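So the structure is just underneath, and the comments pick up after that.
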Amino acid sequence: MPRIERIKHPSTTQSRKRKGRGLSSGLGKTSGRGQTGQKSRSGGNIHPRFEGAQVPNIRKAPKYGGFTNRRKVVYYPVNLGDLADAPAGAEIDLVYLAKAHLLPKKLRGLRVKLLGDGEIDKKLTFKLHAYSHQAKAKVEAAGGRCEVL
């Protein structure tokens with residue numbers, strides 16, 4: 001099968017600029033680069049971050065560094081005082097805390113730590129991820145238990 005070549009109309013193509021081809025060409029002598037200076041030389045480009053004599057913006061910005069431990073365990077705190085209205089003998093776990101609106105919806109699935117702020121006088125069973133020493137002592141003094149998940 002013979003190859004069909006497309007013929008472009010002369011008005012659809014534009015010839016490239018031929019620089020440095022005499023004064024009458026319009027781009028002769030200095031070839032559109034102005035007179036003298038760094039940008040008129042061959043290979044004389046300045047890098048994009050160059051800002052003249054002023055202090056560059058990248059040096060004005062503060063340096064951020066440090067280290068973020070991606071394996072750090074983050075606990076959501078729940079105080080004993082928040083559980084004062086729990087019925088005696090209840091089992092306090094993540095489901096109970098979610099139903100009692102003590103865990104925000106965004107943080108459900110996070111680990112929970114029981115803190116000792118507040119008083120408890122009922123026998124309760126806790127099934128959470130962590131306990132403070134004070135919270136554990138108060139729960140066991142009231143006859144309850146603390147189980148670690």
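Tabulated data
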quantity: Residue check, Tyr64 aromatic (Phe, Trp, Tyr) and in a strand (DSSP E or B); calculated: no
quantity: The one condition in (1) touching a Leu at 6+ places or on another chain (Cβ under 7 Å); (2) among the aliphatic types (A, V, I, L, M); (3) modelled with pLDDT under 90 that Val112 fails to fulfil; calculated: (3)
quantity: Residues satisfying the stated conditions in segment 32-58, i.e. surrounded by 10 or more Cβ atoms within 10 Å (Cβ to Cβ) and assigned to a helix (DSSP H, G or I); calculated: Lys39, Ser40
quantity: In segment 39-57, the residues that are of a type outside the set (A, V, I, L, M) and more than 30 Å from Ser15 (Cβ to Cβ); calculated: His47, Pro48, Arg49, Phe50, Glu51, Gly52, Gln54, Pro56, Asn57
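The values are calculated or read from the model by the stated rules, or taken from the named source; none is laboratory data. On a predicted model such as this, the values are computed, not experimentally measured, just so you know. Virtual Cβ from ideal backbone geometry, glycine too; neighbours counted across all protein chains shown.
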